[in-house]
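As structure tokens, the structure follows; a few thoughts come after it.
What follows draws every value from the coordinates through simple rules; no lab data is involved. Keep in mind that what you see is a predicted model, and the values were worked out from it rather than measured. Cβ: placed from backbone, ideal geometry, glycine included. Neighbour counts: every protein chain shown.
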Amino acid sequence: MKKPIQFNSDNYQLYGVLHLPSKKKPAVVIGCHGLMSTGDSPKQIALAEKLNARGIAFFRLDHRGCGRSSGEFSSATSFAGRCRDLESAISVICSQIGTDSPIGLFGSSFGGAVILEVASRIKTQALVTVAAPICSEAINPPYLNDPANQELLRTLDRDKLKFDVSDRLAEVCGLLLFHGEADSIVPVSNAFEIHEKVRPPKQLICFKNGDHSLSDPSHQAEFIDKAVSWFEMGLKGFSD
């Protein structure tokens, strides 16, 4: 079952899709997309379908200025704003499913940094990141997979995109990290540093010759399989 949900974050109306399994009061994973992406990313849709099959709900949202959410991308996009979007999403999903439901978070690239920041402040049971940077200064030019987005990227206020989650990581646990060893945008050294600083349980999976988006089908398949197992293990203990 797919349930469209609209909710507010600051002065923006955000849009998301809640994928619900047949299980009553399921655990739920909330996903954060990358800087230039939306909640319709293939990674999130695939995760939603596989997690639903294991009885776990998944909520994929469009951040402010992205997809079907309100706001102008160029003026609305900031690291702090995306963190507030995620916190608002957690609140609304808990009201939909139940405040005692275990929460997991998924984040890709810029979205990975967002969930690490938020997870340092709230209680979560399981986290998964793909190609997450530890700070904005660690991201290499041209910052993007798709050169067609370069002009839009230039419209953003770089100061509002600055972040550094390194001092937050000691408060984070239950993290599974995926990273391509050949990632030219967010070097794999970011994953090593994040993995070193977070608390256990934790696991780092590096893909040989893997790029930023894990475009190799075998890498994507392994990512989905192991991410679903990690969430299932981290969110276990919840019963109907």
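Projected label points at residue 91 and residue 75, each 7 Å from Cα along the beta carbon direction, are separated by 2.4 nanometres. When each of 58, 163, 192, 79 is scored by the number of other beta-carbon atoms lying within 10 Å, the sequence from fewest to most is 192, 79, 163, 58. Applying D = kT/(6 pi eta Rh) to segment 30-133, where Rh is the Kirkwood radius over alpha-carbon pairs, T corresponds to 25 °C and eta to 0.890 mPa s, the Stokes-Einstein value obtained is 179 µm²/s. Based on alpha carbons, the Rg and Dmax found for segment 87-158 are 15.2, 44 Å. Could you estimate the translational diffusion coefficient of segment 162-240 from the Stokes-Einstein equation, with Rh from the Kirkwood formula over C-alpha pairs, at 25 °C and 0.890 mPa s, in whole µm²/s? D = 179 µm²/s. Of the cross-linked pairs 3/25; 162/202; 50/208; 123/236; 2/24; 123/202, those separated by over 18 Å at the C-alpha level are 162/202; 50/208. Applying D = kT/(6 pi eta Rh) to the chain, where Rh is the Kirkwood radius over alpha-carbon pairs, T corresponds to 10 °C and eta to 1.306 mPa s, the Stokes-Einstein value obtained is 90 µm²/s.
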